[in-house]
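Asker: Pasting a structure here, questions to come.
The values are calculated or read from the model by the stated rules, or taken from the named source; none is laboratory data. Since the model is a prediction, treat every value here as computed from it, not as a measurement. Every residue, glycine as well, gets a Cβ built from its backbone with ideal geometry; the counts of neighbours run over all protein chains shown. Note: accessible area is taken over every heavy atom of the protein model, side chains too, but ligands, DNA and RNA are not part of it. Shrake-Rupley method; radii C 1.70, N 1.55, O 1.52, S 1.80 Å.
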Amino acid sequence: MKIVVLDGYTENPGDLSWQLLEQLGQVTVYDRTDPADEALIAARLGDAQVAVTNKVPITRRVMDSCPHLQYIAVLATGYNVVDCAEARRRGIPVSNVPSYGTYAVAQFAIGLLLEICHHIGLHSQGVQAGRWSQSADWCYWDRPLIELAGKTMGIIGYGRIGRQTGRIAAALGMEVLAYSPHPGDDPVYVSLDQLYARSDVIALHCPLTPETREMINRESIGKMKDGVILLNNARGPLIVEQDLADALNRGKVYAVGLDVAETEPILPDSPLLQAKNCLITPHISWAPVECRRRIMECTAANIRAFAEGKPQNVVNMDA
């Protein structure tokens with residue numbers, strides 16, 4: 001079985017091994033493949049039976065050029081880079097890694113929030129630069145500091161990651177509200193408009209779908225509390241960047257913590273890069289070595305299950 005990894009570097013920049021995949025067949029690993037070059041993608045897949053991708057699209061045209069392709073493994077939970085409907089039409093299962101970073105992604109969301117509340121990096125840099133040594137007082141702070149206890153966190157998307165974020169928020173003394181299109185009986189669930197109106201902090205943990213794309217926009221921001229804090233380490237296109245930048249600059253939104261952008265890498269002319277109180281990190285919530293090791297192990301198990309005729313974690317076929 002020939003296995004081609006199209007963009008392996010972010011999964012394994014050298015601190016893991018591809019041995020688990022190599023036990024399953026002949027493996028070729030490319031660190032990077034231009035996601036816009038369908039001809040290159042198809043050429044690299046060649047006559048492989050298994051394609052492994054993280055962010056490189058596998059489109060209908062790529063499938064047209066790769067008639068030997070039998071299985072697509074996504075090195076992530078999100079699988080919108082694959083034309084799943086076309087793969088299904090051709091009988092090609094697409095599998096993802098459904099749960100590998102619950103704790104790390106929730107931890108990162110809270111990390112963004114704590115940095116907004118305490119400006120730890122800023123004050124550490126000031127101390128290193130001599131500010132504290134030269135201070136006329138025994139302490140100083142350059143930005144307002146915020147206590148979270150007693151405030152309300154609204155979580156949009158209450159799956160594994162959203163629930164774990166809620167647990168941490170509750171441990172910090174926050175009231176937790178949640179919105180889901182399929183709410184349960186838990187009293188934590190409220191309508192989306194109620195969540196906007198009542199939340200001091202809003203965390204996005206929902207998938208990117210036609211319904212959620214650009215859900216944070218001028219209209220929805222207008223329904224939020226003045227001075228709300230917004231967190232997004234889910235998907236960048238959940239937000240209309242210009243609308244959010246405008247809200248930050250006029251103070252409607254107090255601060256935002258982002259680990260994702262509408263286009264990744266973020267465009268140099270993104271309005272968020274010049275917006276006030278905008279903390280941005282380069283999509284690293286998922287990247288602790290423990291998480292990436294789970295991705296590797298699950299992907300190898302997915303490919304092994306396919307080879308044995310019992311594909312698992314399939315996202316484009318009926319059960």
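Asker: Among (1) among the β-branched types (Val, Ile, Thr); (2) touching a helix residue (DSSP H, G or I) at 6+ places or on another chain (Cβ under 6 Å); (3) under 15 Å from VAL314 (Cβ atoms), which single condition is ILE41 missing?
Answerer: (3)
Asker: In this structure, does ARG44 turn out to be assigned to a helix (DSSP H, G or I), surrounded by 18 or more Cβ atoms within 10 Å (Cβ to Cβ) and in contact (Cβ under 8 Å) with a residue 12 or more places away in the chain?
Answerer: yes
Asker: Please list, ordered by first then second residue, the pairs with beta carbon atoms under 6 Å, 6 or more apart or interchain, first in the stretch 274-290 and farther than 22 Å from THR102 by Cα, second part of a strand (DSSP E or B).
Answerer: Cβ pairs passing all conditions: ASN277/ALA255; CYS278/VAL256.
Asker: Next question. Only one of these is modelled with pLDDT under 95, open to solvent by less than 80 Å² (accessible area, probe 1.4 Å), within 30 Å of ASP246 (Cα to Cα) and not hydroxyl-bearing (Ser, Thr, Tyr): LEU204, LEU208, LEU177. Name it. Show your work before the answer.
Answerer: Numbers: LEU204 fails: modelled with pLDDT under 95; LEU177 fails: modelled with pLDDT under 95.
None of the others qualify; the one that does is LEU208.
Asker: Which of the residues belonging to the stretch 12-30 are surrounded by 13 or more Cβ atoms within 10 Å (Cβ to Cβ) and either in a loop (DSSP other than H, G, I, E, B) or out of contact with any strand residue (DSSP E or B) (no Cβ under 8 Å at 6 or more places or on another chain) (or both)?
Answerer: Within the stretch 12-30, ASN12, LEU16, TRP18, LEU20, GLU22, LEU24, GLY25, TYR30 meet the criteria.
Asker: Might you check whether a residue that is without any contact (Cβ under 8 Å) to a residue 40 or more places away in the chain and of a type in the set (Ser, Thr, Tyr) occurs anywhere in the stretch 152-169?
Answerer: No, the conditions are met nowhere in the stretch 152-169.
Asker: So is GLN107 more than 21 Å from the chain's Cα centre (by Cα), of a type outside the set (A, V, I, L, M, F, W, C) and either open to solvent by 20 Å² or more (accessible area, probe 1.4 Å) or over 30 Å from THR281 (Cα atoms) (or both) or not?
Answerer: Details: more than 21 Å from the chain's Cα centre (by Cα): no; of a type outside the set (A, V, I, L, M, F, W, C): yes; either open to solvent by 20 Å² or more (accessible area, probe 1.4 Å) or over 30 Å from THR281 (Cα atoms) (or both): yes.
No, not satisfied.
Asker: Hey, another quick one. Looking only at the stretch 78-97, decide whether some residue is open to solvent by 40 Å² or more (accessible area, probe 1.4 Å), within 24 Å of the chain's Cα centre (by Cα) and over 22 Å from ASP318 (Cα atoms). Step through it out loud before you land on a result.
Answerer: Kept after step one, since they are open to solvent by 40 Å² or more (accessible area, probe 1.4 Å), are these residues of the stretch 78-97: 79-80, 83, 85, 88-91.
Still in the list and also within 24 Å of the chain's Cα centre (by Cα): 79-80, 83, 85.
Still in the running and over 22 Å from ASP318 (Cα atoms): none.
Taking every residue of the stretch 78-97 in turn, none turns out to be open to solvent by 40 Å² or more (accessible area, probe 1.4 Å), within 24 Å of the chain's Cα centre (by Cα) and over 22 Å from ASP318 (Cα atoms).
Asker: Here are ALA275, ALA307: which of them is modelled with pLDDT of 95 or more, among the small types (Gly, Ala, Ser) and within 22 Å of the chain's Cα centre (by Cα)?
Answerer: Values: ALA307 fails: within 22 Å of the chain's Cα centre (by Cα).
Answer to the check: ALA275.
Asker: Touching a strand residue (DSSP E or B) at 6+ places or on another chain (Cβ under 9 Å), of a type in the set (Ser, Thr, Tyr) and buried (at least 21 other Cβ atoms within 10 Å of the Cβ): does that describe THR53?
Answerer: Working: touching a strand residue (DSSP E or B) at 6+ places or on another chain (Cβ under 9 Å): yes; of a type in the set (Ser, Thr, Tyr): yes; buried (at least 21 other Cβ atoms within 10 Å of the Cβ): yes.
Yes; evaluated as a whole, the condition is true for this residue.
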